[in-house]
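Right, one structure below, let's go through it.
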Amino acid sequence: MITPSKPKGISRRHFSNLTGKAATAIFGFQFIPSHAWGQLTKPVLGAIGSGGKGRSDISGSDQAGFQVAALCDVVDGTRLDVNGKRFRSIVEARKTYSKTRFFTDYREMLASMGDRIDAVTVSTPDHHHFHASVLAMKAGKHVYCQKPLTHGIWEARMMAQVAQETGVKTQMGNQAHANDHMRRCAELIRAGVIGKVKEVHAWTNRPIWPQGFKTAPEKQPVPKWLDWEQWIGPAPWVDYNQKIAPFTWRGWWDYGTGALGDMACHIMDLGYWALLPGSPKSVMAHQEGATELSPPINSKIVWEFGPSPSTSADGFKYFWYDGYINAHFDRSTWNLVKDSNEYNHPDNDVLDGMSFKDFGCVIIGEEGKLFFNRGRNTWVVKASRKIDGFVWPDQSIPRARKQNNYLEWMDAIQGRVERGQSGFHHTGPFTETILLGVLAQRVPDTKLVWNAERMEVKGRPELKKFIQRPYRQGWQIEV
């Protein structure tokens, strides 16, 4: 159960009961959900977050066949007095979908249009993903949620659980998961093209936003076009400053998950999906620049996994590298300053002569290596044995229609496929693994032994507050 704070203009009783005939009487008959006719021919969508990635999620869903009925954003585009790409996308969304209802609070949107929406996209900062998605799923709405799936480990476990319990169709926004070349590489790895896997390495140049600051910027007046109370939502309070929103929230522990949370759901995807390793046994991080408020400027992380069908008998290690070498945070400009153009990456023994800038990961087996970049279909296999005898496997992973993540979500909703391959059944456990790395960044140079069943780090009870964070008053939740 979610106990919401009071939405503007709606009483608690009205908030919980504004569905069915009451909602129809108030808001008319402009949008009638497909399920009202017994089939989801054109599912009706409510979009939570309309700027930046939210704008592309709305557009992608629209093109996939959804009918956009409601927009929700803490920024009111009709009152904006500033510019910028992300702000322009919010204004554009309001103009493009001018006949939709607009909200700044997704709880109010779901209460007001509850029986008139079939599905939602969740394209908010990380700290809202869980609340928005769980509210929607428990209301019977299909959910497409941006990556990382959640802000915390416990939240990821619960998201997968609620999705299973409600039976709604879900998808996480790691779009490359729908590409044929990623699915084919997963099949090849499982078939043994490089032998049993013993290591996976993945890397990124992120963060390119400010990280590593020690104190918050000075308080500024909240703009008239921004609902700052709703932006903070379930997370700890911080006074408004334009250096926090709309984008640099990623560099705050309380609102984002840093470079690892932002990029690993993309770049670590192939290795995790191909091996399906379950929960890691341990994780350890080395990092530079992290503070009580902000994730590190760069880091190297290693997870240890037990054996699975496609790995060596002793299991395998997953390595992650992020951030620029010798970068530093400049408080006067509130920017991350790069002292070199080289970012963290594996050493030459791992790369085996390949350029780290051409790829994002390498999977190392007992009989070869597979180099992969999610944005290109020019993956490379370097085998240490003759590959002539390898039996190329048949297709075993369903392909997404037109290699499109939104179409795959639509096809799951309409029953053409059982579920999206990036549904919460897969991305919940995957996100848990990634966020365990985020936890390790908070206690660097320390090996954390993970008990997945109990969701706790052995001998470190003080870390429970990071695994399942407390919520701000009015945002408590039970699942």
Margin query: Neighbour counts of other C-beta atoms within 10 Å: give me HIS131, HIS425 arranged from fewest to most.
Written below: HIS425, HIS131
Margin query: Amide H of ALA290 versus every other amide H placed in the peptide plane: which residues, excluding those fewer than 5 positions away on the same chain, fall under 5 Å?
Written below: ILE297
Next item on the list: Only Lys, Arg, Asp and Glu count, each charged at its Cβ (+1, +1, -1, -1), so figure out the dipole size of the chain about its Cα centre, rounded to 20 debye.
Entry: 1100
Next item on the list: For GLN164 paired with SER396, estimate the spin-label separation in nm (one decimal), with each label point 7 Å from Cα along the Cα-to-Cβ line.
Entry: 2.2
Note to self: Under the 0.36 nm per residue contour assumption, what length would be gained going from the current alpha-carbon distance of GLU218 and ASP445 to full extension?
What the structure shows: 78.5 nm
Margin query: Just to confirm a number: summing +1 for Lys and Arg and -1 for Asp and Glu over residues other than PRO43 whose beta-carbon lies under 15 angstrom from that of PRO43, what do you get?
Written below: -1
Item checked: In the stretch 286-350, GluC sites (Glu not before Pro) in a DSSP loop with at most 11 other beta-carbon atoms within 10 Å -> GLU292
Item checked: Sequence-separation-based contact order of the stretch 238-304, relative, with Cα cut under 8 Å and 6+ spacing, percent -> 29
Notebook entry, point to check: Mind checking which lysines have their C-alpha under 27 Å from LYS458, skipping anything on the same chain fewer than 8 residues away?
Noted result: LYS198, LYS281, LYS300, LYS317, LYS447
Next item on the list: Can you check what the net charge comes to around THR431, using other residues whose Cβ is under 14 Å from the Cβ of THR431 (Lys, Arg +1; Asp, Glu -1)?
Entry: -3
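Just from its helices, what would the mean residue ellipticity at 222 nm be for the chain, if runs of 4 or more DSSP H residues each count -39500 (n - 2.57) and the sum is divided by every residue, rounded to the nearest 500 deg cm²/dmol?
Roughly -8500 deg cm²/dmol at 222 nm, from the helical runs in the chain.
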Next item on the list: Under 28 Å Cα to Cα from LYS219, which lysines show up? Leave out anything in the same chain fewer than 8 places away.
Entry: LYS6, LYS8, LYS53, LYS85, LYS243, LYS338, LYS465
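Sorting HIS266, HIS128 on the 10 Å Cβ count, fewest up front, what's the list? Numbers along the way, then the final one.
Details: HIS266 20, HIS128 26.
Fewest-to-most ranking of HIS266, HIS128: HIS266, HIS128.
How would you classify the stretch 382-479 from its alpha-carbon gyration tensor, with a ≥ b ≥ c the square roots of the eigenvalues: rounded for a/c under 1.5, else prolate if a/b is greater than b/c, otherwise oblate? Before the final figure, lay out each step's value.
Working: a/c = 3.38, a/b = 1.41, b/c = 2.41.
Because a/c hits 1.5 or more and a/b fails to exceed b/c, the stretch 382-479 counts as oblate.
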Check: So for the chain, taking the charge dipole from beta-carbon charges (+1 Lys/Arg, -1 Asp/Glu), which of GLY368, SER112, ALA383 sits furthest toward the positive end?
Finding: SER112
Checklist line | Whole-Hz couplings from phi, Karplus 6.51/-1.76/1.60, listed for the stretch 325-332; x for Gly and Pro | finding: 6, 6, 7, 8, 8, 10, 5, 5
Checklist line | Furthest towards positive pole of dipole, PRO296, LEU149, PRO277, structure part the chain, Cβ charges | finding: LEU149
Item checked: Proximal charge balance of ASP339 [Cβ under 15 Å; K/R count +1, D/E count -1] -> -2
Note to self: Give the lysines reachable from LYS141 as a straight Cα distance under 20 Å; neighbours fewer than 8 places away on the same chain don't count.
What the structure shows: LYS21, LYS42, LYS169
Checklist line | Rounded to whole Hz, the Karplus (6.51, -1.76, 1.60) HN-Hα couplings of the stretch 391-396, x for glycine and proline | finding: 8, 5, x, 5, 5, 10
Checklist line | Gyration tensor (alpha-carbon) shape descriptor, the stretch 148-216, a/c threshold 1.5 | finding: oblate
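As an exercise, find the ratio Rg/Rh for the chain from alpha-carbon atoms, using the Kirkwood inverse-distance average for Rh. Walk me through the numbers on the way to the answer.
Values: Rg = 22.4 Å, Rh = 23.2 Å.
Using only Cα positions, Rg/Rh for the chain is 0.97.
Share of antiparallel DSSP beta bridges in the chain, in percent to the nearest 5? Write out the running numbers ahead of the final one.
Numbers: 38 of 65 bridges.
That works out to approximately 60 percent antiparallel.
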Next item on the list: Would you mind classifying the stretch 338-421 by shape? Square roots of the alpha carbon gyration tensor eigenvalues, ordered a ≥ b ≥ c; an a/c under 1.5 is rounded, otherwise it is prolate if a/b is larger than b/c and oblate if not.
Entry: oblate
Item checked: GluC sites (Glu not before Pro) lying in DSSP loop within the stretch 176-258, provided at most 15 other Cβ fall within 10 Å -> GLU218
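Where a number appears in this text, it was derived from the coordinates with a stated rule and is not lab data. Everything numeric in this text was worked out from a predicted model, so none of it was measured. Note that each Cβ is placed from the backbone with ideal geometry, even for glycine, and that neighbours are counted across all protein chains shown.
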